[in-house]
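The values are calculated or read from the model by the stated rules, or taken from the named source; none is laboratory data. All values reported here derive from a predicted model rather than from experimental measurement. Note: ideal-geometry Cβ built from the backbone for every residue, glycine included; neighbour counts use all protein chains shown. Calculation scope for accessible area: heavy atoms of the full protein, side chains included, ligands and nucleic acids excluded. Shrake-Rupley method; radii C 1.70, N 1.55, O 1.52, S 1.80 Å.
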Amino acid sequence: MSMITSARQRTWQALAGLLLLLQLALSTPYVGQQLLRSLEDPRYLIPPSQLQAVKQSQVIVVLGGGQHEYSPEYQAGMPNPASLVRLHYGAWLHRQTQTPLLLSGGRVFNERESEAAAMQYALQSTYKLHAKWLEEKSRNTDENIAYLSPLLAQAGVKRITLVTSAYHMPRALRLMAPYAREYGFTVIPAATQFYRGQPTAPTDWIPSGIGMRYSQIALHEWLALAGLWLRGK
């Protein structure tokens with residue numbers, strides 16, 4: 001009996017050690033960035049010299065990635081870092097092509113204002129630009145696509161440039177596909193926030209909060225894609 005108990009203890013200890021090593025690995029920026037890179041597709045990158053497809057679009061859609069509900073220095077809600085990166089690229093594409101903007105994002109946690117409104121404020125105050133459309137009801141990526149698609153179809157839009165983070169683009173396109181078929185959309189992916197090609201520093205092997213955050217984002221996307229596959233999407 002004692003031998004069985006000892007064997008079980010060794011098994012649990014080995015399992016605990018493996019889980020600890022896995023957690024340490026996922027906490028390193030190197031592993032987190034590799035997981036994010038596994039979601040990136042170079043086909044979704046539009047070089048600055050190849051913006052003709054964006055110029056032919058009727059709208060640049062920027063998907064929100066979250067917000068800080070209240071920033072006291074601005075006395076307003078502000079987009080979080082993921083949203084700001086996407087917004088910056090959408091604003092840059094707009095300036096290069098003059099294609100109008102749609103900002104998508106609602107009140108995920110019952111904030112005072114929507115993500116779209118927070119992005120609109122940043123767009124106006126920082127870039128002196130104004131989005132033509134705001135989609136303010138969605139609380140997740142599924143709802144982003146579900147709400148903005150009929151809005152654009154009603155406006156007669158057929159060609160869409162879709163802006164989101166490179167790691168988020170595969171899921172966004174998968175969700176967009178049935179609406180593209182229903183409404184006859186042509187969707188041009190324009191990804192931003194690529195981690196591919198970033199240099200590796202020695203500190204990237206040191207576990208940190210940012211490393212765990214990278215891994216969390218990537219695993220969230222892979223699990224969401226698996227969920228879409230199980231749902232037949």
Failed condition for Lys55, given (1) within 21 Å of Gly211 (Cα to Cα); (2) loosely packed, with under 15 Cβ neighbours inside 10 Å; (3) touching a helix residue (DSSP H, G or I) at 6+ places or on another chain (Cβ under 8 Å), with all others met? (1)
Among the residues that make up region 102-113, is at least one of them surrounded by 16 or more Cβ atoms within 10 Å (Cβ to Cβ), in contact (Cβ under 8 Å) with a residue 40 or more places away in the chain, in contact with a strand residue (DSSP E or B) (Cβ under 6 Å, 6 or more places away or on another chain) and of a type in the set (A, V, I, L, M)? yes
The conditions are (1) among the basic types (Lys, Arg); (2) under 24 Å from Gly197 (Cα atoms); (3) open to solvent by 30 Å² or more (accessible area, probe 1.4 Å), and Arg95 fails exactly one of them. Which is it? (2)
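Could you look through region 62-78, keep only residues that are in contact with a Phe, Trp or Tyr (Cβ under 9 Å, 6 or more places away or on another chain) and within 22 Å of Glu143 (Cα to Cα), and pick out the one that is most open to solvent (accessible area, probe 1.4 Å)?
First, pick out the residues of region 62-78 that are in contact with a Phe, Trp or Tyr (Cβ under 9 Å, 6 or more places away or on another chain): 62, 69, 74, 76-78.
Filter once more, keeping what is within 22 Å of Glu143 (Cα to Cα): 62, 69, 77-78.
Values: Val62: 0, Glu69: 86, Gly77: 3, Met78: 21 Å².
The selected residue is Glu69.
When you go through Ala191, Ala122, Ala131 one by one, which is the residue that is open to solvent by less than 20 Å² (accessible area, probe 1.4 Å) and out of contact with any strand residue (DSSP E or B) (no Cβ under 6 Å at 6 or more places or on another chain)?
Values: Ala122 fails: out of contact with any strand residue (DSSP E or B) (no Cβ under 6 Å at 6 or more places or on another chain); Ala131 fails: out of contact with any strand residue (DSSP E or B) (no Cβ under 6 Å at 6 or more places or on another chain).
Unique residue meeting the criteria: Ala191.
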Filter result for Leu123 (part of a helix (DSSP H, G or I), touching a residue at least 60 places away in the same chain (Cβ under 8 Å) and more than 18 Å from Ile145 (Cα to Cα)): no
Looking only at region 135-155, how many residues end up being surrounded by fewer than 21 Cβ atoms within 10 Å (Cβ to Cβ) and within 18 Å of the chain's Cα centre (by Cα)? 8
